[in-house]
Structure formats: C-alpha cells, structure tokens
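Computed from the coordinates by the stated procedures, all read-outs in this text should not be read as laboratory data. Because the structure is predicted, anything quoted here is derived from the model rather than measured. Positions of Cβ are backbone-derived with ideal geometry, glycine not excepted, and every protein chain shown enters the neighbour counts.
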Number of protein chains: 2
Amino acid sequence: MDSLDEIDKSILKILQRDAKQTTKDIAAALNLTISPVYERIRKLEAQGFINKYVAILDQKKIGRPVTAICQVSMRYHNEAFIENFVNEIQHLEEVQECYHMAGQVDFLLKINVKSLEEYHDFVRYKLSKIDNIGVLNSTFVLKEVKHTSEFFF
Amino acid sequence: MDSLDEIDKSILKILQRDAKQTTKDIAAALNLTISPVYERIRKLEAQGFINKYVAILDQKKIGRPVTAICQVSMRYHNEAFIENFVNEIQHLEEVQECYHMAGQVDFLLKINVKSLEEYHDFVRYKLSKIDNIGVLNSTFVLKEVKHTSEFFF
DNA sequence: GCTGAAATGTTCGCTTA
DNA sequence: TAAGCGAACATTTCAGC
C-alpha cells in the first residue's frame, strides 16, 4: 500500500517529465488500458507520492534573469531565532529555495530577482531586517547549467 | 507580442501554483469566458513563457531523503575543461541543479540521493572522475525550509 | 473576444481473471 | 486484488461570427 512497483515508477517517471501526458498516452506507453493507469495515478496522488502539478516558466522570458545564492549564518543559535527566521523566509517571495544546512553556514538560499538593484533592495530591506542574522554572503549565478525537478528511479 | 499584461500574469500565477486548474476554472477566477483564457494559454506556451508542465513528487515518500550541496572548483579555467564539466553534469541523474557561479567557487550543485552511502559513491565514482576538478566541498541539508518553482509577479 | 458544437479526455460502476 | 469495458460526464479545441 505504500511501496511502488515498476508500473508505478514508470508512471511517476513520465509525469515528472510531462504532466500533460494523458492517461491514454501513459496507458499506451505501458501496454495497459486506461483504467488501471487512471487508478494508479489517483492512488499516487492520494498517498502523497505526487504532491502537485505545476507549470514551469521561463525565467528569462518573464524578466527575472538574476539568480543569487545567499549563505546566511545566525548570530545566536537558539530555537526561537531559528524558528523566526524560517517563518520570515516563507513570506519572502524572492526566495525560491531555502535549506537549513549542516556545517559552518546555517542557511543556504536561492533568490530570484529582476536585477542586481532589486537584489540589493531585497538584502537591505528584507533579508537583513530579520532578527539575529550574523554573516551574510552573496554570490551570483553566471549560468544555469542544469535545473530539474525530476528524481531518478 | 512579447510582453505580458495583467491577465497573462494572473494566468501564469495560477498555473505555476496548480497546472491542473482547468481553463474553465481560470476563466471563472478572472471573470472571463473560456475562449480568451484558452487562447492566452496557448500563446504563452507557444511564445515560451511556459516551458513545461510537470508533476512534483514527494522526496521522502519516494525514498530519496538526502540532499547535498556540493561546491566545485576547477583546477584550470580553460574553456574546454569547463565545457566538458558542463556536459558530464547533464548525464548525472543525481544532480538536480547545477550553477556556474561568480566568485571563488566555480560550480554549485544540488544533489539528491537515497543515502549518505549513495552520496559517497556518487562523489567517488562519478563526480570526482570528471577531468580537472580541483576542490570539492560537500555540505548536507538538514531541513528543506522552502522549495518552490514559482516566480513572483 | 464570444458562441457553440465536435473531438477528446476523465471518471466510475460493473465485469472478469 | 488488479485490470478491462463502456457509458456518462467534463474539458478542450477550433471554425465562424
């Protein structure tokens, strides 16, 4: 009930590459009829293997070409400050990814903005306003070499 | 022909949150009929604003709980080595993201695997086999605080 | 940008192995 | 328990206004 067989894996492989494949298409690819594929997909959704379906936009076309990586260290490492930081980050729409890390740096953030100026404003008026931030180190992406949301099977 | 009005932006906002919203749903949300919404979506796809539609899977449920950040510096910075590295990375399915960075570190990679042992194997038998790698520094994600593919408007 | 109708896809109860 | 069939319903797609 909670583990995936080869057919489930094949379905997930297809859907994480292209969610617009119809049940019919997938059934054809797997030599099955529509019903079992339909039921498996519903099950994978219900059990939480599939979280959601999204449209992936083109960063450059929509005018947000600047990506920065920002490494943040906290001044004091107590629970309340950490929780506060985590909360604040959720509301900052410029932040696409944020990870609590092992090692010297506490958090690694991936930030997407229109321009370097906007990044400056983001750091100055939003990020550095969060309480208890110690060191804050920004580097910029020159080129996105690879970016996928696919997991391999 | 290449710029977005407010309606386009609203459509993109909806679709990057939930690609399963039907044309009908979106039309209702925007107080429009189906046709204009339908035509705009097709146009946004054709013009490349929307790259693709994908299913987002649950990292933990599918048994791939370990995420590592690996920072790579090249030994020599000539074009051929860089291009080789970029090429090799495309084929490594454990690598979800790879950025060519400004600054001391040349590349930042996000890697997703089943276990620390698998990460070890990845570094030893795949990553460090690539020619001309100098420094290689790994840190691990303790907690994914935020991860979205949405761009804000 | 709207209307409406044909084509396509989804959903689900029932049947079969 | 998992797969298949088929009918009812929903959505997509597109020509014509």
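For the protein assembly as shown, adding -39500 (n - 2.57) for each run of n ≥ 4 DSSP H residues and dividing by the number of residues yields -10000 deg cm²/dmol at 222 nm.
Shielding of peptide A:58-64 by partners, expressed as the average count of other chain Cβ atoms within 10 Å per residue Cβ, is 5. Specify the angular offset, from 0 to 90 degrees and rounded to the nearest 10, of the alpha carbon long axis of helix A:34-46 from the longest principal axis of the alpha carbons in chain A. Between helix and principal axis, roughly 30 degrees. Entry note, chain A: relative contact order of 28 percent, from Cα contacts under 8 Å with a spacing of 6+ residues.
Inter-copy label distances at B:Glu150, shortest first and taken from points set 7 Å along Cα to Cβ: 2.6 nm. For B:Leu116, the distances from its label point to the matching points in the remaining copies are 4.1 nm, ordered from shortest, with each point set 7 Å beyond Cα toward Cβ.
Using Cβ point charges alone (K and R +1, D and E -1), the dipole size of segment B:34-89 about the Cα centre works out to roughly 340 debye. Taking every residue in B:132-144 and counting other chain Cβ atoms within 10 Å of its Cβ, the average works out to 3. Pairs with C-alpha atoms separated by more than 18 Å, drawn from the list A:Lys61/B:Lys9; A:Lys52/B:Lys20; A:Lys20/A:Lys110; A:Lys146/B:Lys146, are A:Lys20/A:Lys110; A:Lys146/B:Lys146. How far is helix B:6-17 tilted off the main Cα axis of chain B, in degrees rounded to 10, range 0 to 90? Orientation of helix B:6-17: about 50 degrees from the principal axis. Rounded, prolate or oblate, given the Cα gyration tensor of chain A, with a/c below 1.5 counting as rounded? It is prolate, given that a/c is not under 1.5 and a/b is the larger ratio.
Close amide-amide hydrogen proximity is noted between A:Asp18 and B:Ala55, each under 5 Å apart and 5 or more residues distant or on a separate chain (H modeled in the peptide plane; Pro and chain starts excluded). Using a 7 Å projection from Cα along Cα-to-Cβ, the label point at B:Tyr76 is separated from the same position in the remaining copies by 5.3 nm, smallest value first. For segment B:52-105, trypsin sites (Lys or Arg not before Pro) meeting the loop criterion (DSSP other than H, G, I, E, B) and having at most 12 other Cβ atoms within 10 Å: B:Lys60, B:Arg75. Shape analysis of segment A:66-140 places it in the prolate category; the axes a ≥ b ≥ c from the Cα gyration tensor give an a/c of at least 1.5, with a/b above b/c.
Peptide A:5-15 has a mean shielding of 1, counted as Cβ atoms of other protein chains within 10 Å of each residue's Cβ.
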